[in-house]
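Where a number appears in this text, it was derived from the coordinates with a stated rule and is not lab data. The structure presented is a predicted model; accordingly, all values stated were derived computationally and were not measured. Cβ sites come from the backbone with ideal geometry, for glycine too, and all protein chains shown count toward neighbours.
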Amino acid sequence: MKKSILIITILASIVFITACKNGVETEIKSNNKSKNTLTNLMLGGGVPYDEGSIYYRAITTTGNNDSSCYYWATGQFYKTSDLNPKDVENVGDLYIGAIKVNIMDTALYGKHYTYNFTSLDAKNQINAGQFGTGTAFSITGGGSFDPCSTEFYIPEELYLAPMTPCACGRSVSGLPTLSKTNPSVAINWITDPNNSNVAVVFFYDGPTSKRLNANLSDQSFERTKIVSDNGNYAISSSDLIDFPVGSVVEIYVGRSSEGDMTSKGKNIHITGYTYAKETYEIVQ
C-alpha cells in the first residue's frame, strides 16, 4: 500500500457541451468514503472506482512556502464500468485549471492511456494558484466520452508549522522521537478558513520498524482521525496505543474535496487533496 481546483477562462477554441452533469463537492467527514479515499491517497493508493478518475495533489516536502510543494496529477478513463485495463481510452485533452495534462501511451495492454503531469508541471508555480480556490477540470472529448467540464473548491495547500525536513534520505537514528506514554507533542498546520475538517493519519511503517527491531511486525497499518481544520491537534497516548516502542510512525495531515462530472452516462470522479507529514520513532 505504501511508497508506492482555480478560477480559469476556458480557451475560446474549446467548446464544451452544456449537457454535462456536475456533482456536488464532498468534504471529508468522520465516517464516509471521502475519509477512506484521502487516507489511501496519502499512503500511496488511488485505485479508480468510476469510469473516469482524476486526482490532483499538492504535497509539502520541506519548508513553509509554495516552493516546498510538489504537485501531481493523473487521470484514467474507461469504456465500461468493468475498469478493464485494455479499455482505457483517449478522451482528448485533459485540463486542470491552466495546465494541460500530458497523455502517455504505452503498449502494455495495446492502447493504454494515462494522463500525468510532466516533471516540469509538477514544479510549475501555476499550481500554487489553483489550490484554495475554485478549480476547473475539463476534457475535450474522445472515444466514448463527450466534452465535459466542472469546477469546485480545492482546499489550500497544507503546511505543517513549523515544518521540518522530510525523512527521505535521513537516517532512522536521526528521527525525532515521540513518547508512547506521554507524547507532549502538538501537530500544527496552516489552516484553510474555507475548509472544515482534516484527516490525521498515524501510519505504522512495518518494513522499517522490522529492520530496526526484529521483534516488531513488518505488516504496516494505519489509524485515521477526522478533526477540525483549526490548525492544531495534540497527540495523546490513546493515539499511540497500537504502536509499539521502537517502531517508526509517519503522521500525515491532509484535507481534500471531491466532485463529479458525467459524460454520456459515464461518471468521472475528481479528488483534489493536499497533505504534509512528519516521521517519528516511538519511545517509552
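Provide Lys79, Lys266, Lys86 in ascending order of the number of other Cβ atoms located within 10 Å of each residue's Cβ, fewest first. Please report the intermediate quantities before stating the final value.
Details: Lys79 16, Lys266 21, Lys86 12.
Lowest to highest Cβ neighbour count: Lys86, Lys79, Lys266.
Which aspartates and glutamates does Lys86 reach when only Cα atoms under 18 Å apart count, and residues fewer than 8 places away in its own chain are ignored?
Asp50, Glu51, Asp105
Does segment 199-251 come out rounded, prolate or oblate, given a ≥ b ≥ c as the square roots of the eigenvalues of its C-alpha gyration tensor, rounded meaning a/c under 1.5 and, failing that, prolate meaning a/b above b/c?
Values: a/c = 2.97, a/b = 2.35, b/c = 1.26.
Prolate, since a/c reaches 1.5 and a/b exceeds b/c.
Take the alpha carbon gyration tensor of segment 183-284, find the square roots of its eigenvalues, order them as a ≥ b ≥ c, and report rounded if a/c is under 1.5; if not, report prolate when a/b exceeds b/c, else oblate.
Numbers: a/c = 3.39, a/b = 1.63, b/c = 2.08.
Cα axes put segment 183-284 in the oblate bin.
Using mean Cβ contacts within 10 Å as the protection proxy, how do 241-248, 271-278, 139-146 order, highest first?
271-278, 139-146, 241-248
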